[in-house]
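The values are calculated or read from the model by the stated rules, or taken from the named source; none is laboratory data. Since this is a predicted model, take the numbers as computed values, not measurements. Virtual Cβ from ideal backbone geometry, glycine too; neighbours counted across all protein chains shown.
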Amino acid sequence: MEKAEADKILDQAKEVLAHNDRGLWTVPAGDLYPHQWLWDSCFIAIGLRHLDIERAQAELTSLLRGQWENGMLPNIVFSEGLEHRADRELWRSWVSPYAPHDVHTSGITQPPMLAEAVTLVGQKLKLPERRSWFKSMYPALVRYHEWLYGERDSHREGLIVLVHPYESGLDNSPPWISELRTHSLPWWVSAIERARLDGIINRFRRDVRHVPPGQRMSNIEALAYWSALHRLRSKAYNSQAILSRPVFALQDLAFNCILVQANRRLSEIGKIIGRHLPDHLSENAKRTETALDELFDETSGQYFSRSFTTHKLIEEPTIATLMPLYAGSIPNERAEQLVGMLKNKRKFGSRWPVPTVPLSSPYFNPFKYWQGPAWVNTNWLIIEGLKRYGYDDEANILKQKTTQMVAQNGFSEYFSPLDAQPAGAANFSWTAALTIDLLKS
Ligand code: GLC
């Protein structure tokens, strides 16, 4: 991209972030997402570090406002104000004795991007400041990783179990929808579906007031997601109680790949400040790297998420298929197979990559949220993964296409992978922040 064009995009991206800035943290998109989200703020800080390092640090320390006493980092820290009361009431974090008292949060987590974000922000600081930055974040990170393994991998399989699709960050991704449809649709939701009464639910949905309904999940799926949330709440978000019987839960591929890199970053941070990661965390980190292998399917040559209930792989290829590149712990031959899929025109090699499901998937719809559109955050993760395996040309091509897609169409939440048409929320923070990072790194 020409320098003048890049400068123009950078200015526009800064404007988007300024517009969504709430002082010490940033909302993903004013109307649709008016709170602070966990992985959003990590991506936002990765971009902000190029503009204002202190503000980038504040973005991440603000996340710790929401950390629970047991170490959990919630996917949402809610905004104050009467207009947001319904959101806080939906989650009722106060049902758990571990929730913070001074802010309200959700009761579930999101992909563990924090150690990566802390590291990348730290890289912009001189060594003494970097050390104090790392020292200030390390205890919270250790507690978070301890919570992940202690609560969500109690059988020590090395793979974290997610108890709600929102924890994956890829809300309506096919493995979750398929698991829902085959094992976890509550009887009363099926009854509503059969009676075709789901239309009334539109009144309760905020997303479809801001975004065309065809881009989001169906009312039946939304209702089942609400029911799953309700169950978690009724168990006070206690993982042991939640997982005591077969439930709507997955060992999610993308989450666990992100965790592999997060563990690596956490141990690097520890080394820089002269602390050894607790032994159990180092052992768990190794276990996760090895356990990824269990998600590999020899026949199709790719990785999948696994059902918690049946322990079977859910053979639905999605954007998560490419995330083992980001994990960086898989053998080179397998990485090569994934790069082949990325380039394959029937799979992920669309004109405007990377589609969130392969073009050949029966789920594919160019506008439907995590079932087709290209997203800038998943492109960023794949670019990092490609670089890790030495595919620099492929990484550069994807970087150029991603910044071009944004330059031509604005800072949308997601884009059609066929013609780059923008969709979802406009002025979306991580699209702006990661575009800055791609242009500046
Ligand atoms: C949607 C996305 C999720 C994101 C959130 C806020 O729920 O699926 O990944 O964190 O919006 O932007």
**Fill in**
Taking region 195-233 and keeping residues β-branched (Val, Ile, Thr) and either loosely packed, with under 15 Cβ neighbours inside 10 Å or not in a helix (DSSP H, G or I) (or both) leaves Ile200, Val211
**Request:** Six or more apart or on different chains, Cβ under 6 Å: which pairs go from a residue in region 423-439 that's under 12 Å from Leu48 (Cβ atoms) to one that's away from the ligand (no atom under 16 Å from the Cβ) and small (Gly, Ala, Ser)? Could you list them?
**Result:** Ala432/Ala13; Ile436/Ala13
**Request:** List every residue pair whose Cβ atoms lie under 8 Å apart, where the two residues are 6 or more positions apart in sequence or sit on different chains, the first residue falls within region 271-287 and is more than 16 Å from Ala140 (Cα to Cα) and in contact (Cβ under 8 Å) with a residue 12 or more places away in the chain, and the second residue, located anywhere, is in a loop (DSSP other than H, G, I, E, B) and of a type in the set (Lys, Arg).
**Result:** Asn284/Arg156; Arg287/Arg156
**Prompt:** Looking only at region 298-307, which residues are surrounded by 13 or more Cβ atoms within 10 Å (Cβ to Cβ) and either out of contact with any helix residue (DSSP H, G or I) (no Cβ under 9 Å at 6 or more places or on another chain) or in a helix (DSSP H, G or I) (or both)?
**Reply:** Ser300
**Long-range neighbours under 8 Å by Cβ, at least six apart or interchain, first residue in contact (Cβ under 8 Å) with a residue 60 or more places away in the chain and among the hydrophobic types (A, V, I, L, M, F, W, C) within region 25-41, second part of a strand (DSSP E or B) and near the ligand (Cβ under 9 Å from one of its atoms)** = Val27/Tyr33; Trp37/Ile76; Leu38/Ile76
**Request:** Check Glu157, Glu193, Glu179 and return the single one that is among the charged types (D, E, K, R), in contact with a Leu (Cβ under 9 Å, 6 or more places away or on another chain), more than 16 Å from the ligand (Cβ to nearest atom) and touching a residue at least 60 places away in the same chain (Cβ under 8 Å).
**Result:** Glu179
**Request:** Would you check which residues across region 67-96 are over 13 Å from Trp25 (Cα atoms), of a type outside the set (Lys, Arg) and part of a loop (DSSP other than H, G, I, E, B) and list them?
**Result:** Gln67, Trp68, Glu69, Asn70, Gly71, Met72, Leu73, Pro74, Asn75, Glu80, Gly81, Ser96
**Message:** Can you tell me which of (1) in contact with a helix residue (DSSP H, G or I) (Cβ under 9 Å, 6 or more places away or on another chain); (2) in a loop (DSSP other than H, G, I, E, B); (3) within 16 Å of the ligand (Cβ to nearest atom) is the one Thr310 doesn't meet?
**Reply:** (3)
**Message:** Among the residues of region 342-356, are any out of contact with any His (no Cβ under 8 Å at 6 or more places or on another chain) and either hydroxyl-bearing (Ser, Thr, Tyr) or at pLDDT below 95 (or both)?
**Reply:** yes
